[in-house]
Each structure stands twice: as structure tokens, then as C-alpha cells.
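Just below is one structure, and these are the notes that go with it.
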Amino acid sequence: MSMPTVKVIGAGLAGSEAAWQLAERGVQVELIEMKPHKKSPAHHSDTFAELVCSNSFRGDKLENAVGLLKEEMRRLGSLIISCADATRVEAGGCLAVDRQGFSQLVTDKLRSHPNITVLEEEITQVPEGPVIIATGPLTSDALSENIGTYFGSEYLHFFDAAAPLVTAESLDMNEAWWQSRYDRGTPDYINCAMDRQQYEEFVHALTTAEEADVHGFEDKNVFEGCMPVEVMARRGFETLRYGPLKPVGLVDPKTGREPYAVVQLRQDNASKTVFNLVGFQTHLKFGEQKRVFSMIPALKNAEFVRYGVMHRNTFLRSPKLLDRYYADRRNPLVAFAGQMTGVEGYVESTASGFLAAVAMAAKVQGRPLPVFPRTTAIGALGLYISDESVENFQPMNINFSIIAPLEQRIRKKAEKNLAIANRSLEEIDRLAEQGV
């Protein structure tokens, strides 16, 4: 009996990773993507693994949970992480990428893999298995409705936002300087200082600016990790100074002192011609973004190549519907991956696609399912989204609190986290040797 072809629906981060892992294990894959014929409101390019929000995969140190998750994926042959490493741009202790170069590299690798056939069409119904559905939080209306019918339950949802991009040549560097916070690593961020009066005027303008109409939007439905800057500003005058405008660890070379507030810009491409406003997710109208953000002294003549946008993200009630391998509890040959399962973040989405694919390959090849325990970040994520004891399920980034604690007590947080990471990587290396 021949091995069945596995369909992967959606070529975002999770779908791209899933297709690659299946193909690398000798499984024939149909990767089905509705672009370029149809795009979601947040997508612009025709390439796979398009980064619609930040170009950062966040922290890269093992003392950071997402740094651990990335290292686990590296050691297990992740397509997404290897392409991110290959297109890396400097961002201090973070893994940030050249947005276009990264997506193009992922696309080229997938299209050239002998076990992957790419089909450009929209899927509007849940196919028969084996299939991995990784259509993301912006799943098309038709398929989204059909998934609801398939499960007989409604999606949950929250709102997500993206930050604006500006050109480097339009910045006033007399009002800015290069530095990483606390001078860690190389000086990879452009820092734009504001004094108290400038900050007060900025906050006032921000809290009174006209917002774009986003159907169904309420502040309480915003995911904390992508909180629009104007929503943060409404929480209190000092809120931004403890968030994206935090001045701690930065010294303005013009004054030799810590500024009252600082806006940081991170490079968005390898040539350092485009920068994004770190933490400035927003749903202000485009004209208002130009007016208000140009009040930042270094951005007074800024050229915006992309304004911030907000969109509704949908996700499943996964603990009731999916198992630890992101598969339908009723039908293990129908799996889901990515943000629609309730994992939050680029790396977490990639990890869900990885685990769903590794498990699916084992199923169609008649092999035992690999066990990623809670001591690993990959395993902890799968166990979190499938934990039926979770009462108010919400999307979550990877964090050490969902990974199994150490048996011994270590007081210092950094040392404790590093010990958890080392324990996890020993388990990952063992799984890699077994050829999961």
C-alpha cells in the first residue's frame, strides 16, 4: 500500500515549516496557498512565510524562553529558523531578519524540494486527511466558516496590530543616535529622544488622534503582546515610558544623560534602508499616524513606506478540540498549526507546524509518535494548547512557566532559566539522535 500524500493548507510560517518537515521525511506534500490570486488584508507579497508584523523573531539567548525554542528548532533542522539565521540583520540580542530576503529564501527552498508540489488555489472546506491546516489567524471567510461547521463550535478571536515602517534617509540623525540598551552587543538600534514637554505633547496627540474603524474592536480584545500604542497611552501618562518608550539603559550623546523618553527604530532589511518603530503597533488612521508620529523629533520629516494596520485574529478553542500534536481529537489525520491553534508569535507558530508535521509523518508511515515532554519548549507548547483543564484559553507566547520546573531550587532567575534550557536541549539532542 502506497503512502498517502499529505496536504498542507497555507504557506505561512507554520505551513512552510510543516511542508518542509514532511518532505524531508520522504512524504509527498501538496502545499496549497491562495496567494497570489487572493490575499488577506495584512498580506502584500506573493512569497511564502510573509512576515506581516515585526521582522523580529525576538530574543536569542537561552535564558529567554523564545531563545530556547529557537535553539530546539535549530537542532531539529527547522527550515524557518535556518532561513532566519541566513538572512539575519543586526538587532542586539534579538534574531531579526531582512523581511523580503527571508520570505524569498523560504519560498525558493520549498518550491525546489522534490517532494513538494505547490498548488495556488483557495481551499474553502476542511479536506479529508491526511491534512495540516495552517491558514493562520487571517483564514479566509469561507474556510473559517467551514472550520466552525466542522468542529460545531465558534472561534474565539482577538485583535492584532502591526507597526509602521520608515525610510532611513528620511530620519534626522541630529536628533537620534545608534545604541543598544545597556550597550549590550553592537549598537543596532536608532534611538530617538524626547524631553518631557515633547513627550507630553506626543501622548496628548496620541490619545486624541482619530482611529481607523475596525469592526468589532474593543481595547479588552487586544492581545497584550501587540497592544496598539494609542491603547497603551490611554492607560496612563507614564505607561509608554515603561513600555516602548522606555529610556532605561540609553544615554543621549548630546546631553550625556538618560532621556525622558526614547523611541527605538530597528532595521527591517539587510541594506538598512527601512526601519520599523519598535512597539508602535497602531490602528490610527494613516493621516493621523503621519501627523502624530512625525511629532517625534527625529521623525519630523519621516517617509512612511508602510503605515500600521490592525486586523482581527481568530483561533480555535484548542484545549477542547486538539491533542498535543495539534490534531483533531476525533480524527488524528486532520491537524492544525500556527496562530489559529492559540500559539502566539512567529517562533511558536513555526514550532506548532514542526510538531504537527513530525507527528503526521509518523502516522502516515506507520511509526510510533515521537514524545516531546513538558521539559522541552516544543512539547510544553503542544501540551498547553491541548490542556483541557484551562478554563479561559487565550493565545500565549512560549514562557518558562509552562515548561516543567526543575527538581532543585535555583534562586537566581537567569541561572534557573539556563538550567531549564540545558535540560531541554539534552532531551532535544536525544530526540534528534533517534531521528524524530
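Remarks
- For Pro368: the one exception among (1) modelled with pLDDT of 95 or more; (2) surrounded by fewer than 14 Cβ atoms within 10 Å (Cβ to Cβ); (3) part of a helix (DSSP H, G or I): (3)
- Every pair of residues 6+ apart whose Cβ atoms lie under 6 Å, when the first sits in segment 163-175 and is charged (D, E, K, R) while the second is surrounded by 17 or more Cβ atoms within 10 Å (Cβ to Cβ) and modelled with pLDDT of 90 or more: Asp172/Ala298; Glu175/Pro297; Glu175/Ala298
- Val390 meets all of the listed conditions (1) open to solvent by 40 Å² or more (accessible area, probe 1.4 Å); (2) modelled with pLDDT under 95; (3) of a type in the set (A, V, I, L, M) but one, namely (1).
- Qualifying residue in segment 24-41 (condition: in a helix (DSSP H, G or I) and within 22 Å of Gly435 (Cβ to Cβ)): yes
- Any hit, segment 268-281, residues being open to solvent by 50 Å² or more (accessible area, probe 1.4 Å), in contact (Cβ under 8 Å) with a residue 60 or more places away in the chain and at positive phi: yes
- Residue check, Ile410 part of a helix (DSSP H, G or I), in contact with a helix residue (DSSP H, G or I) (Cβ under 9 Å, 6 or more places away or on another chain) and not acidic (Asp, Glu): no
- For segment 292-339, residues that are part of a strand (DSSP E or B) and open to solvent by 10 Å² or more (accessible area, probe 1.4 Å) total 8.
- Wholly within segment 92-135, strands (runs of 3 or more DSSP E) carrying at least 3 residues that are open to solvent by less than 30 Å² (accessible area, probe 1.4 Å): 94-97, 131-133
- Residues within segment 45-64 that are in contact (Cβ under 8 Å) with a residue 40 or more places away in the chain, open to solvent by 10 Å² or more (accessible area, probe 1.4 Å) and not polar (S, T, N, Q), tallied: 6
- Applying a threshold of 8 Å to beta carbon distances and a minimum spacing of six or more residues, or different chains, the list of pairs starting in segment 108-127 at a residue that is closer than 23 Å to Asn331 by Cα and ending at one that is among the charged types (D, E, K, R) and surrounded by 13 or more Cβ atoms within 10 Å (Cβ to Cβ) reads Pro127/Lys7.
Conditions tested, residue by residue: (1) at pLDDT 90 or above; (2) open to solvent by less than 10 Å² (accessible area, probe 1.4 Å); (3) closer than 30 Å to Gln339 by Cα.
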{"position": "Ala193", "(1), (2), (3)": "yes, no, no"}
{"position": "His204", "(1), (2), (3)": "yes, no, no"}
{"position": "His215", "(1), (2), (3)": "no, no, yes"}
{"position": "Ala233", "(1), (2), (3)": "yes, yes, yes"}
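- Among the candidates Gly26, Gly77, residue that is over 19 Å from Ala335 (Cβ atoms), over 14 Å from the mean Cα position of the chain (by Cα), modelled with pLDDT of 95 or more and surrounded by fewer than 18 Cβ atoms within 10 Å (Cβ to Cβ): Gly77
Let's see how each residue does on (1) acidic (Asp, Glu); (2) in contact with a Phe, Trp or Tyr (Cβ under 9 Å, 6 or more places away or on another chain); (3) within 23 Å of Gly59 (Cβ to Cβ):
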| site | (1), (2), (3) |
| --- | --- |
| Arg257 | no, no, no |
| Gln264 | no, yes, yes |
| Leu277 | no, yes, yes |
| Phe286 | no, yes, no |
| Gln289 | no, yes, no |
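- The condition (being modelled with pLDDT of 90 or more and touching a Lys or Arg at 6+ places or on another chain (Cβ under 6 Å)) is satisfied by just one residue among Val358, Val347: Val347.
The values are calculated or read from the model by the stated rules, or taken from the named source; none is laboratory data. What you see is a predicted model, and the numbers here were worked out from it, not measured in a lab. Ideal geometry is used to build each Cβ from the backbone, glycine not excepted, and the neighbour counts take in all protein chains shown. Protein only, heavy atoms only, side chains kept; ligands, DNA and RNA dropped before computing areas. Shrake-Rupley method; radii C 1.70, N 1.55, O 1.52, S 1.80 Å.
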